[in-house]
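To start, the structure under review is shown below, and the notes come after it.
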Amino acid sequence: MIQKTSSSDSAGGPDPVSITLSKPAVRALPPQEDSVSTANINGLRAALASQPEIRPDVVARGQALAADPNYPSMDVIQHVAGMILNAPDPSEDQS
């Protein structure tokens with residue numbers, strides 16, 4: 001027979017290690033006004049203008065997916081259907 005040599009699991013034994021969680025320090029930042037910088041607007045416009053209006057590779061992928069009878073997969077359809085069914089009804093919003 002094996003004899004018990006430790007009383008750590010008995011009632012009235014030493015307290016287990018306790019962990020005290022403290023709140024993280026929060027620095028109060030002074031309020032700032034919203035601002036928008038248009039300094040690089042010409043660079044953004046030039047980058048946009050350099051992009052093709054129609055991307056043939058994306059159009060070809062869309063056409064291939066539209067022609068695929070298995071797209072989207074049944075798993076995707078069921079997942080989206082479940083999300084729709086479990087979404088809150090906006091007409092029942094009590095706020």
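Take segment 30-75 and flag every residue that is of a type in the set (D, E) and within 30 Å of the chain's Cα centre (by Cα).
E33, D34, D57, D68, D75
Tell me which of these L65 doesn't satisfy, since it passes every other one: (1) in a loop (DSSP other than H, G, I, E, B); (2) in contact with a Phe, Trp or Tyr (Cβ under 6 Å, 6 or more places away or on another chain).
(1)
Out of all the residues in segment 59-70, which are hydrophobic (A, V, I, L, M, F, W, C) and surrounded by 10 or more Cβ atoms within 10 Å (Cβ to Cβ)? Can you show your working first?
The initial filter retains those residues of segment 59-70 that are hydrophobic (A, V, I, L, M, F, W, C), namely 59-60, 64-67.
Across segment 59-70, the qualifying residues are V59, A60, A64, L65.
Just need a number here: residues in segment 33-63 that are at pLDDT below 90 and β-branched (V, I, T).
2
The values are calculated or read from the model by the stated rules, or taken from the named source; none is laboratory data. All of these numbers come straight from a predicted model, not from anything done at the bench. A quick note on method: Cβ atoms are made from the backbone with ideal geometry, for glycine too, and the neighbour counts reach across all protein chains shown.
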